[in-house]
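One structure is given here, and the rest of the page talks about it.
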Amino acid sequence: MNRGSKPAVLVTGGAGYIGAHTAKALHEQGYFPVVYDDLSSGFREAVRWGEFVHGDIRDGRALAETVEAHRIKAVIHFAGLIEVGRSVVRPDLFWDVNVGGTISLLAAIRDRGVDRLVFSSSAAVYGQGGRGPLETIPEAAPKAPASPYGDTKLACEWMIAAECRAYGLSAVALRYFNAAGADPSGAIGEAHEPETHLIPLAIAAALGRGPALSVFGTDYDTPDGTCLRDYIHVNDLAAAHVAALKADLAAGCFETANVGAGQGRSVLEVVAAVARAVGRPVPHAIGARRAGDPPSLVADPSYARELLGWAAERSELDQIVADALRWEAQPAYSTGARAAGRTVQAAPR
Ligand SMILES: NC(=O)c1ccc[n+]([C@@H]2O[C@H](COP(=O)([O-])OP(=O)(O)OC[C@H]3O[C@@H](n4cnc5c(N)ncnc54)[C@H](O)[C@@H]3O)[C@@H](O)[C@H]2O)c1
């Protein structure tokens, strides 16, 4: 793809769910995305904008070569392991890939002309910490991750903050709440293995393609007794990354910003929204609470508005579910196809 005079942005993990949507947004906003990904959970078919470099985030030499070869000006760092449950049984892997990978990335961009980093952080850095179930979470809320996954995200934030102070980099850590939905084009969408996210699991159950949904706990101190989460459309997330690249930050500045819709939706509300969209009930079974699930995680996104001039635009629950359903009904690529040795080629759009 012809780069022309567009500024090149390294997108680590850009073959994954949120990274692919962000690469598309970058392309649409006049940037040239250079996706760097080992395809351990991402898809080559999802890289449709800019260049692709196959590599491991822990390979500092390959990263440095990529930064130099493409004259990278800014980096958006998504690459990492994301399954909270697996992080409890394999914390070593998570520290190696998430923290070790960020160490190698910081070394590779240091003194190579990169002046902006945007990092994929997570609401998992917050604990429940005495907050009432209907209280939203500001950035200053206590940090008490309930999993090694959350620990690694917080450790990366600290490292990046120190890097900024020491070397003059400017960076924004975006703390995502629950990413959901898909690009309305149908070209890219969510394809995790295993899928642990509520909306795709509920859609699979309603379409008869997956098991009945498990609802973990109906006795929380929330309006209907099920957990509250803040669902943010993946295209709104992508837009927040582009805004974070453009934000007016001084050299050495490190910022954190919550990226959520600011509205809590319960598990049962999501189940009802999926049933409405599919036109069939979502088979589901009520189970016990799951260890480590905070009753509610809902963003106070006001600082993102102030810092980035950003606000969610497509994150109304019915819109998210409609976009997710369009993708799930006819995914352009999937883990099932990959496991069977088939790759589904997305039609050009
Ligand atoms: N999905 C969510 O709701 C959510 C919420 C909070 C934070 N996040 C963070 O956002 C980022 C992206 O999440 P996602 O949902 O798009 O996940 P994803 O698994 O779809 O994407 C991660 C990408 O990183 C790549 N990757 C993994 N290990 C790598 C390595 N060693 N070297 C190079 N590439 C590697 C994978 O192949 C994949 O393409 C992650 O850092 C995740 O922790 C996601």
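In a simple Cβ point-charge model (Lys, Arg +1; Asp, Glu -1; nothing else charged), segment 127-210 has a dipole of about 180 debye relative to its Cα centre. If the chain linking ALA107 and GLN29 were pulled fully straight, counting 0.36 nm for each residue of separation and taking away their Cα-Cα distance, it would gain 25.3 nm.
Each Lys and Arg contributes +1 and each Asp and Glu -1, all at the Cβ; summed about the Cα centre of the chain, the dipole is approximately 620 debye. Computed over the chain, the per-residue total of -39500 (n - 2.57) for DSSP H runs of n ≥ 4 gives a 222 nm mean residue ellipticity of -10000 deg cm²/dmol, rounded to 500.
Membrane-span-like helices in the chain, defined here as complete DSSP H runs extending at least 15 Å along the helix axis by their C-alpha atoms with mean Kyte-Doolittle hydropathy no lower than -1.0, are 17-28, 148-167, 234-246, 267-278, 317-329; this is a sequence and geometry rule, not a statement about a membrane. On the principal axes of its alpha carbon atoms, the chain extends 54, 47, 38 Å, with the longest extent given first. Amide H contacts for TYR176 (H built 1.01 Å from N in the peptide plane; partners 5 or more residues away or on another chain; cut-off under 5 Å): SER121, SER122, ALA123, VAL259. Taking amide H as placed 1.01 Å from N in the peptide plane, GLY14 has its amide H under 5 Å from the amide H of TYR36, each at least 5 places away in sequence or on another chain. Descending by average beta-carbon neighbour count within 10 Å, the peptides 141-148, 16-23 line up as 16-23, 141-148, the highest first. Across segment 161-255, Cα-Cα distances exceeding 20 Å account for 58% of all pairs. Dividing the Cα radius of gyration of segment 190-349 by its Kirkwood radius returns 1.01 for Rg/Rh. Comparing GLY60, PRO294, GLY100 along the charge dipole axis of the chain, the residue lying farthest to the positive side is GLY60, per the Cβ-charge model. Across segment 284-295, coupling constants 3J(HN,Hα) worked out from phi with the 6.51/-1.76/1.60 Karplus curve, θ = phi - 60°, read 8, 10, 8, x, 6, 4, 9, 4, x, 7, x, x Hz, and Gly and Pro carry x. Pairs of Cα atoms nearer than 8 Å and 6+ residues apart set the relative contact order; for segment 3-89 it is 36 percent. Look at TYR149, TYR167, TYR303 and count the other Cβ atoms within 10 Å of each Cβ; fewest to most, that gives TYR167, TYR303, TYR149. Enclosing the Cα atoms of segment 32-74 in their convex hull gives a volume equal to 69 cubic angstrom per residue.
Amide H contacts for HIS284 (H built 1.01 Å from N in the peptide plane; partners 5 or more residues away or on another chain; cut-off under 5 Å): LEU213. Separation of segment 81-115 and segment 280-313 by C-alpha centroid, Å? Each part's Cα centre sits 24 Å from the other's. FRET efficiency for the ALA285 to GLN319 pair, using the beta carbon distance and R₀ = 35 Å, is estimated at 0.80. Taking the DSSP bridge list for the chain and keeping only pairs wholly inside it, about 5 percent are antiparallel.
Beyond 23 Å, the tail of the calculated P(r) for segment 75-207 holds 43 percent of the Cα pairs. Using the alpha-carbon positions of segment 17-120, Rg (one decimal) and Dmax (whole number) come out as 13.6, 42 Å.
Readers should treat all values here as calculations from the given coordinates under stated rules, not as data from a laboratory. Computed from a prediction, not measured in an experiment: that's the story for all the values here. Here the Cβ is made from the backbone with ideal geometry for all residues, glycine too, and neighbour counts use every protein chain on show.
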